1. What Kirkwood Rh does region 6-117 have if only Cα atoms enter the pairwise 1/r average? Answer in Å.
2. Quickly work out the residue 63-to-residue 47 label distance, labels modelled 7 Å from Cα along the C-beta direction, and quote it in nm with one decimal.
3. Using a 10 angstrom Cβ neighbour count of at most 15 plus a DSSP loop assignment to flag exposed GluC sites (Glu not before Pro), which longest range of the chain is free of such sites?
4. How much area per residue is accessible in region 26-117 when the probe is 1.4 Å and only protein heavy atoms are counted (Å²)?
5. Let me spell out the model: positive unit charges on the Cβ of Lys and Arg, negative unit charges on the Cβ of Asp and Glu, origin at the Cα centre of the chain. What dipole size does that give, in debye rounded to 20?
6. Over the chain, with every protein chain in place, what whole percent of the accessible area is carbon and sulfur at 1.4 Å, could you tell me?
7. Using a Gaussian network model on the chain with a 10 Å cutoff between Cα atoms, which of 68, 45, 18 fluctuates the most?
8. Which of 54, 101, 20 sits closest to the plus end of the dipole of the chain, meaning its Cα is farthest towards the positive end, when Lys and Arg get +1 and Asp and Glu get -1 on the C-beta?
Amino acid sequence: MSDSAPFLVDDLLTLNETAAALGISPNRVRQLLREHSLAAIRAGTENQPRIPAAFVHDGAIVKGLPGTLMVLADHGFSDSEAVEWLFAADESLPGRPIDALREDRGKEVRRRAQVID
């Protein structure tokens, strides 16, 4: 996969912005990143980790995202590759996997992630 993830994502949050949106500490956000419950990409002029705003909804991590990220990590995906996969259009869904997760169609998304070669 290419490193086009930053170009596919419309809105990125800093670790502090993500922490505020989730009502947790920045250290807890870092822990969630290590656990593959969240994923970050390097972006911006400072090349700092940024988390897609679409990963957060109503003060919580989007349902099904942590499980999907874990499946992708088990398949050897880096955070950047996982973000790219989640934000790239998938005709079989239809739409993007992140949109399907936000629409509570996580089983469909994980099924597709599990069969990645």
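1. Details: mean 1/r = 0.0718 Å⁻¹.
One decimal place: 13.9 Å for the Kirkwood radius.
2. 4.0 nm
3. Numbers: sites that count: 35, 46, 91, 103.
Counting at most 15 other Cβ atoms within 10 Å as exposed, the longest clean stretch of the chain is 47-90.
4. Details: 4800 Å² over 92 residues.
Normalised by residue count, the accessible surface of region 26-117 is 52 Å².
5. Details: 13 positive and 18 negative charges, 81 e Å.
Approximately 380 debye in magnitude.
6. Details: 3060 of 6320 Å².
Taking all protein chains in place, the chain shows 48 percent carbon and sulfur surface.
7. 45
8. Of the options given, the answer is 20.
The values are calculated or read from the model by the stated rules, or taken from the named source; none is laboratory data. Worth saying up front: this structure is predicted, and the values here are computed from it rather than measured. Cβ atoms come from the backbone with ideal geometry, glycine included; neighbour counts cover every protein chain shown. Remember, those area values only see protein heavy atoms, side chains included, never the ligands or the DNA or RNA. Shrake-Rupley method; radii C 1.70, N 1.55, O 1.52, S 1.80 Å.
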